[in-house]
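Colleague: Mind having a look at this structure? Questions to follow.
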Amino acid sequence: MKLSIIRSACGSLRAHPARSGSRVNGLPRRCLPVGAANGRLIFRTASTTTSGGTNRKIAVNFGKQPRPNDGFEFDSSLSEVVQSTKEAMVALQRRNPTIQPLLAIIQAGEDDSLLEVNKKMAGRIGLNITQICLGKECSEDEIVEEVLKLNEDPRVHGVYLHLPPGSLTSRVLNALRPEKDVDGITDLNIGRLVRGDLSKGFVPPLASTVLDLLEKHDALLEGKTALLVGEEEPLGVALQCLIERSGMVALKSSWSSKSLQRQVMQADAVVLLGAGNMDVPPAWVRPGVAVIRCETDENVIEMPSELGYLTAAYRTQNVVRSCSRWLQDQQYRPWCLRSLKLLPLTPVPSDIEISRAQAPKPVNQLADEIGLLPEELEAYGRNKAKVQLSLLDRLHTQPDGKYVLVAGITPTPLGEGKSTVTIGLVQALSAHLKMNSFACLRQPSQGPTFGVKGGAAGGGYAQVIPMEEFNLHLTGDIHAITAANNLVAAAIDARMLHEATQSDKALFNRLVPSVNGVRRFSPIQISRLNRLGINKTDPASLTPQEVSSFVRLDLDPSKITWQRVVDTNDRFLRRITVGQASTEKGQIRETGFDIAVASEIMAILALADSLEDMKNRLARMVVGTSRSGQPVTAEDLGVSGALAVLMKDAIKPTLMQTLEGTPVFVHAGPFANIAHGNSSVLADKLALKLVGRDGFVVTEAGFGADIGMEKFFNIKCRASGLRPNVVVLVATVRALKMHGGGPNVSAGAPLPREYIDENLSLVAGGCRSNLRKQIQIAHMFGVPVVVALNVFKTDTQAEIDLVCQIAKECGASDAVPCHHWAQGGRGSIELAQAVNEAASRPSDFKFLYHTEMPIVEKIRTIAQRVYGADDIELSPEAEAKIDYYNQQGYGSLPICMAKTHLSLSHMPDKKGVPTGFVLPIRDVRASIGAGFIYPLVGTMSTMPGLPTRPCFYDIDLDPVTEEITGLF
């Protein structure tokens, strides 16, 4: 039977300050030290008395005059160790007054003596001590189980394995974290000692005590000889290293050696290891020679001598040292990033071929290189990992790095490569200019991946790897959002069914069931009661009217705004009918599906700055309106707590890397039409702490600067409190030609000749219209702009030079051509230098509008100043919605415009800089949980459809190698 006694209440490890004479954790337990880490010391010197020729009394020092008591100054050694450890403790608590080092003892049996010794030393130093007593015949599994628990407990800074030698197996030793191995017995700590590297390791306390004895025996050890007698064991290895570093010569011998007598007689000191009943005859020992016996007898029960206290003092010294190192590890650590080498090929292979040709670093290695702690990482396989939000607390005093936003001009339907520019920029900064940088990208939806667009990991030699994992599933965040969103939808329809078919009393009895004769409200139900103004907690005290108000949400089926989602382009789900089964008792209504990334939960994930903030936002989501005109929330449905549970892992950003081994956070991917189209606030905040004061975080906004960038500034920056230093505005020659009057382009169709042949006139027209306007939009917010021209192989040098020249004339701080697609980071060095220079200049960031402005005025401000409209035109439905939102207190929320990304106006075919138009607002909706109002400009689809020939025609899997083909 397993016997495990943990000295704490309720089975959890608790630390209590050790005080002289006190009982630690209520029940002190002790066993005497045994094994390599746990021994007792017996010290004696050869005598000079002649009794039968074997007991001569000799001097205790090497050739010096004998001292009257033949003893040593143990008290002085103990005082020195205690005093130095106290000073270290004071320095430690000066850095962090709340810190309290803790030593945990794992032992076999329940003897108290050992605990008393260590407790006394702990009390003198001021640290805590706790004890775990296993059965005398405890198994290896039981020991490992306790060790692993202590490994993961951040309160424990040292673990002392007080176990029989047979229990200190390789498995047990390897289970103990070296940083908590204060007895220095693990292979790694012994190896560090042998190598002479004690910056992270520990000297075994027993070895320190032996060396102290030798030094007290003779202050001048150099040149003397110490003989270690016994089997090879960790203590012997440690002693040999320490003795040799003291200047002595260390020799080793076994009990069976034929030359043992000669070696003993030539030695200046003899150390007997694991001696048991073995001993050396006194006649072998020369006068003045110290003989130290390190016994490993677990049955010895007498109280230890002063030497036992000295060993315990060295152990507490190691605990304080361990705690100090732990505290140091909590501080910001400089990067030691190892870049991956690129060998670009010409012609450039497909994205997936490039990705597959580069072997990524193990994600735990990448994490260590950028200063993450092992406990802050949750690995999802070899190549990606979630990062714990506790990092923000650990580095809360660390200054943020520089914040760079990558936006773009109004794009063609083919896209202009913002993600590729983002990745090329961070590869240039980190791998080539040796400046810390982090890319923060959105997670791609599987809808576009299998539809028209294909993958979204970047392209060419500027992409995130492995691109298959990036584009498919990743760590399941979108699946978690799908599950949470559809749980809300299911809760809505179920609640409407039950309210339609049950009385108030029946509803109340089911919503607040009697369990073991007791009826209680759940916490989420009490919150609903409070919102209703019912300040009662006893279900029996509610009046019939209060019961009715509590149980009936009374949702108006025609005003339910919540839809189901799926992460697939499926046009036939845009409008559906539910409730047609006979079991649904006639509760038929029309509804529909959105694509998963259009869910409000995705927008919440991107804007939340903590788990608590996300939970509160989920609770505030409005799913519809009651027949009396009141908003109904997810918390009213009772589902918000469950949503937080489904999303608890999704809130952690996913760590990946680029082709050149620079770090990337992939997190969130809100729809850029009806949401803000940016990656998460949390990813940016974590990255800004990790890069350090002089590092760079490069994040990307969806679509053109008029959409993604405007929403980044007015919505995301408000939610995060972060302020950008630079905007990188991505342009391409082909997009500029389109805005300069070139013909339309479409995905899958060959490019017209105007986009392949040199045409300076079209390029200049696009630069002086759309490019100029997008630069001006960035300047409205007081942020400097660097134009990044994403170069294609069809671009001519004259076209490239013209774009850069006009961009500077239009107000850009700089404009540079970028060749990262073909060259990797080396092709974006000029861009990185321009960004670094622009970021060093002072910025004057300001919002476009105050949130206290009326909703209509905020919409008008965006329409006129950003899009260039003459005015706005509200439909009657939009006006009614605005009045309703004002009545409900939502009027101070920022605006998230939902309009086409293919034009500055609401008309997709109007390129360049349209003028003389009125922006029509056909409807106004609200994402209360996410925290914004979104006006609908024209017709916006939240469920894309598949084209005639989707991307999935080219995607396949080799069943033998499991290699994916055709994924972009």
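Colleague: Would you list the strands (runs of 3 or more DSSP E) that sit entirely within region 351-455 and hold 2 or more residues that are over 16 Å from the mean Cα position of the chain (by Cα) and within 19 Å of residue 683 (Cβ to Cβ)?
Modeller: Qualifying strands (runs of 3 or more DSSP E): 402-408.
Colleague: Go through region 630-657 and give me each residue that's of a type in the set (Ser, Thr, Tyr) and either touching a strand residue (DSSP E or B) at 6+ places or on another chain (Cβ under 6 Å) or free of Cβ contacts under 8 Å to residues at least 60 places away in the same chain (or both).
Modeller: 633, 654
Colleague: Could you identify the single residue in 806, 829 that is within 20 Å of residue 410 (Cβ to Cβ), in contact with a helix residue (DSSP H, G or I) (Cβ under 9 Å, 6 or more places away or on another chain) and modelled with pLDDT of 95 or more?
Modeller: After applying the criteria, what remains is 806.
Colleague: Just checking, how many residues over region 396-417 are within 21 Å of residue 679 (Cα to Cα) and in contact with a Phe, Trp or Tyr (Cβ under 9 Å, 6 or more places away or on another chain)?
Modeller: 10
Colleague: Look at region 370-395 and say how many of its residues are out of contact with any strand residue (DSSP E or B) (no Cβ under 8 Å at 6 or more places or on another chain) and touching a residue at least 40 places away in the same chain (Cβ under 8 Å).
Modeller: Final tally of qualifying residues: 9.
Colleague: Residue pairs, Cβ under 8 Å, 6 or more apart or interchain, first in region 330-357 and touching a residue at least 60 places away in the same chain (Cβ under 8 Å), second polar (S, T, N, Q) and assigned to a loop (DSSP other than H, G, I, E, B). List them.
Modeller: From residues that are touching a residue at least 60 places away in the same chain (Cβ under 8 Å), the pairs are 332/398; 335/436; 337/436; 337/662; 339/662; 340/358; 342/358.
Colleague: Separate question: Run down 890, 885 and say which single residue is in contact (Cβ under 8 Å) with a residue 40 or more places away in the chain and not in a loop (DSSP other than H, G, I, E, B).
Modeller: Testing whether each residue is in contact (Cβ under 8 Å) with a residue 40 or more places away in the chain and not in a loop (DSSP other than H, G, I, E, B) leaves just 885.
Colleague: Scan 577, 625, 583 and give me the residue that is under 16 Å from residue 494 (Cβ atoms) and either assigned to a loop (DSSP other than H, G, I, E, B) or open to solvent by 10 Å² or more (accessible area, probe 1.4 Å) (or both).
Modeller: 583
Colleague: Now, a different point. Return the pair list, or none, for Cβ contacts closer than 6 Å from residues in region 192-212 that are farther than 20 Å from residue 323 by Cβ to residues that are among the hydroxyl-bearing types (Ser, Thr, Tyr), at least 6 apart or on different chains.
Modeller: 206/311; 209/311; 212/77
Colleague: Looking at 926, 930 in this structure, which one is closer than 26 Å to residue 622 by Cβ, in a loop (DSSP other than H, G, I, E, B) and in contact (Cβ under 8 Å) with a residue 60 or more places away in the chain?
Modeller: Criteria check complete, one pass: 930.
Colleague: Is there a residue being closer than 28 Å to residue 329 by Cα, outside any loop (DSSP other than H, G, I, E, B) and modelled with pLDDT of 90 or more anywhere in region 133-141?
Modeller: no
Colleague: Additional query: What about residue 144, is it open to solvent by less than 50 Å² (accessible area, probe 1.4 Å), at pLDDT 95 or above and outside any helix (DSSP H, G or I)?
Modeller: no
Colleague: If you don't mind, there's one more thing I want to ask. I need the full set of residues from region 832-867 which are surrounded by fewer than 17 Cβ atoms within 10 Å (Cβ to Cβ) and basic (Lys, Arg), in order please.
Modeller: Correct list: 841, 846, 865.
Colleague: Can you tell me which residue in region 457-479 is modelled with the lowest pLDDT, limited to those that are more than 20 Å from the chain's Cα centre (by Cα), part of a loop (DSSP other than H, G, I, E, B) and surrounded by 23 or more Cβ atoms within 10 Å (Cβ to Cβ)?
Modeller: Restricting to residues being more than 20 Å from the chain's Cα centre (by Cα), part of a loop (DSSP other than H, G, I, E, B) and surrounded by 23 or more Cβ atoms within 10 Å (Cβ to Cβ), the top hit is 457.
Colleague: I've got another one for you. Can you name every residue in region 594-622 that is buried (at least 16 other Cβ atoms within 10 Å of the Cβ) and among the acidic types (Asp, Glu)?
Modeller: 594, 600, 609, 613 - these are the residues of region 594-622 that are buried (at least 16 other Cβ atoms within 10 Å of the Cβ) and among the acidic types (Asp, Glu).
Colleague: Restricting to region 155-166, what's the tally of residues that are buried (at least 21 other Cβ atoms within 10 Å of the Cβ) and either touching a Cys at 6+ places or on another chain (Cβ under 8 Å) or touching a residue at least 60 places away in the same chain (Cβ under 8 Å) (or both)?
Modeller: Residues that pass the stated criteria total 7.
Colleague: Looking for whichever is under 15 Å from residue 241 (Cα atoms), part of a loop (DSSP other than H, G, I, E, B) and not aliphatic (A, V, I, L, M) here; the options are 184, 191. Which one fits?
Modeller: From the options 184, 191, the qualifying one is 184.
Colleague: For residue 291, only one of the following conditions fails: (1) at pLDDT below 90; (2) touching a helix residue (DSSP H, G or I) at 6+ places or on another chain (Cβ under 7 Å); (3) aliphatic (A, V, I, L, M). What is its number?
Modeller: Looking at each condition in turn, residue 291 falls short on (2).
Colleague: Also, I was wondering about something else. Could you please let me know if residue 606 is touching a strand residue (DSSP E or B) at 6+ places or on another chain (Cβ under 8 Å) and in a helix (DSSP H, G or I)?
Modeller: It is true that residue 606 is touching a strand residue (DSSP E or B) at 6+ places or on another chain (Cβ under 8 Å) and in a helix (DSSP H, G or I).
Colleague: Ok, one more. Does residue 591 qualify as being open to solvent by less than 40 Å² (accessible area, probe 1.4 Å) and not aliphatic (A, V, I, L, M)?
Modeller: So residue 591 passes the test.
Colleague: Further question: For region 480-503, give me each residue that is within 28 Å of the chain's Cα centre (by Cα) and open to solvent by 40 Å² or more (accessible area, probe 1.4 Å).
Modeller: Correct list: 483, 486, 487.
Colleague: Scan region 382-421 residue by residue and report those that are β-branched (Val, Ile, Thr) and surrounded by 20 or more Cβ atoms within 10 Å (Cβ to Cβ).
Modeller: The answer is 387, 404, 406, 409, 410, 412, 420, 421.
Colleague: I would also like to ask the following. List the residue pairs whose Cβ atoms are under 7 Å apart, where the first residue sits in region 782-801 and is open to solvent by 10 Å² or more (accessible area, probe 1.4 Å), the second is modelled with pLDDT of 95 or more and basic (Lys, Arg), and the two are 6 or more positions apart or on different chains.
Modeller: 782/846; 792/734
Colleague: Which of the residues that make up region 248-267 are assigned to a loop (DSSP other than H, G, I, E, B) and over 11 Å from residue 285 (Cβ atoms)?
Modeller: 248, 254, 255, 256, 257, 258, 259
Colleague: Picking from 939, 915, which residue would you name as being at pLDDT below 95, assigned to a loop (DSSP other than H, G, I, E, B) and surrounded by fewer than 21 Cβ atoms within 10 Å (Cβ to Cβ)?
Modeller: 939
Colleague: Being surrounded by 18 or more Cβ atoms within 10 Å (Cβ to Cβ) and not in a loop (DSSP other than H, G, I, E, B) is the filter here, so list the residues in region 530-548 that pass it.
Modeller: 539, 547
Colleague: OK, next. Would you confirm, using the coordinates I've provided, whether residue 650 is under 15 Å from residue 602 (Cα atoms) and part of a loop (DSSP other than H, G, I, E, B)?
Modeller: Taking the combined requirement at face value, the residue satisfies it.
Colleague: Could you tell me how many of the residues in region 156-172 are under 21 Å from residue 325 (Cα atoms) and more than 26 Å from the chain's Cα centre (by Cα)?
Modeller: Total meeting the criteria: 3.
The values are calculated or read from the model by the stated rules, or taken from the named source; none is laboratory data. Only a predicted model underlies this, so the values are computations on that prediction, with no experimental measurement involved. With ideal geometry, Cβ positions are generated from the backbone for all residues, glycine too; neighbour counts draw on all protein chains shown. Quick note on the areas: whole protein, heavy atoms, side chains included, nothing else; ligands and nucleic acids left out. Shrake-Rupley method; radii C 1.70, N 1.55, O 1.52, S 1.80 Å.
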